[in-house]
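Scroll down for the structure; my scribbles are underneath it.
The values are calculated or read from the model by the stated rules, or taken from the named source; none is laboratory data. The shown structure was predicted, so the numbers you read here are calculated from the model rather than taken from an experiment. A quick note on method: Cβ atoms are made from the backbone with ideal geometry, for glycine too, and the neighbour counts reach across all protein chains shown. Note: accessible area is taken over every heavy atom of the protein model, side chains too, but ligands, DNA and RNA are not part of it. Shrake-Rupley method; radii C 1.70, N 1.55, O 1.52, S 1.80 Å.
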Amino acid sequence: GPPLPQEATAHLNMARCHFYRGDLSACEKHLEQALERCQMFNLPGVRAEIFEAYGNLHRERGETVRAAASYEQAARAYEEAGIELVRREMLEEQSLLRLQMGDVIGARALIDRLIEARIANEDEMGLHTATLARSRILLAERQQNLASSELEPALYYFREHGLNYYEAQAAL
């Protein structure tokens, strides 16, 4: 039958599954299909998520320039859709890109600003997910004890709320 708007989200979710499994080719294929549906039905919020997922894909492939460009597209799309960036994981992903590019200071500054915003918004889950990215940065700064002490409350939170994916990251 004809394409449906819901297929954009379905392909995006399939792309995410393939990304987490490490099948980057299948991830890209589903992102292309998601973007096609998104453009067909003018879905700005989903389009922002797709660009963010493209940023993650390019970052994973080591294509830092393309990743940064995708994150910029995502930021513009989130703004157009009226979605606050502090409520999305994109700023965490961008901080990890900066870390990958060797900009530890920039990565730390970005994640610290995000954590402050999430504290101000009383976004408990968002605070703990940002702590995961911050811990990776702290480890790069060789601050293992601080990273460990910050991860403990996050690990407990994820375990208590059945957030197994995040719990596994915190435990590692």
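Only a single item in (1) modelled with pLDDT of 95 or more; (2) hydrophobic (A, V, I, L, M, F, W, C); (3) open to solvent by less than 70 Å² (accessible area, probe 1.4 Å) is not met by LEU85, and it is number (1). For region 121-147, filtering for residues that are part of a helix (DSSP H, G or I) and either open to solvent by 50 Å² or more (accessible area, probe 1.4 Å) or on the phi > 0 side of the Ramachandran plot (or both) leaves 8. Going by the conditions given, is ARG113 among the basic types (Lys, Arg) and either modelled with pLDDT under 95 or closer than 26 Å to ARG21 by Cα (or both)? For ARG113, the condition - among the basic types (Lys, Arg) and either modelled with pLDDT under 95 or closer than 26 Å to ARG21 by Cα (or both) - is not met.
Residue by residue, here is whether (1) touching a Gly at 6+ places or on another chain (Cβ under 8 Å); (2) closer than 17 Å to GLU93 by Cβ; (3) without any contact (Cβ under 8 Å) to a residue 24 or more places away in the chain; (4) open to solvent by 30 Å² or more (accessible area, probe 1.4 Å) holds:
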site	(1), (2), (3), (4)
GLY1	no, no, yes, yes
ALA8	no, no, no, no
HIS11	no, no, no, yes
ARG16	no, yes, no, yes
PHE19	no, yes, no, yes
SER25	no, no, yes, yes
LYS29	no, no, yes, yes
GLN33	no, no, no, yes
GLN39	no, no, yes, yes
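Here MET101 qualifies as more than 30 Å from LEU43 (Cβ to Cβ) and within 17 Å of the chain's Cα centre (by Cα).
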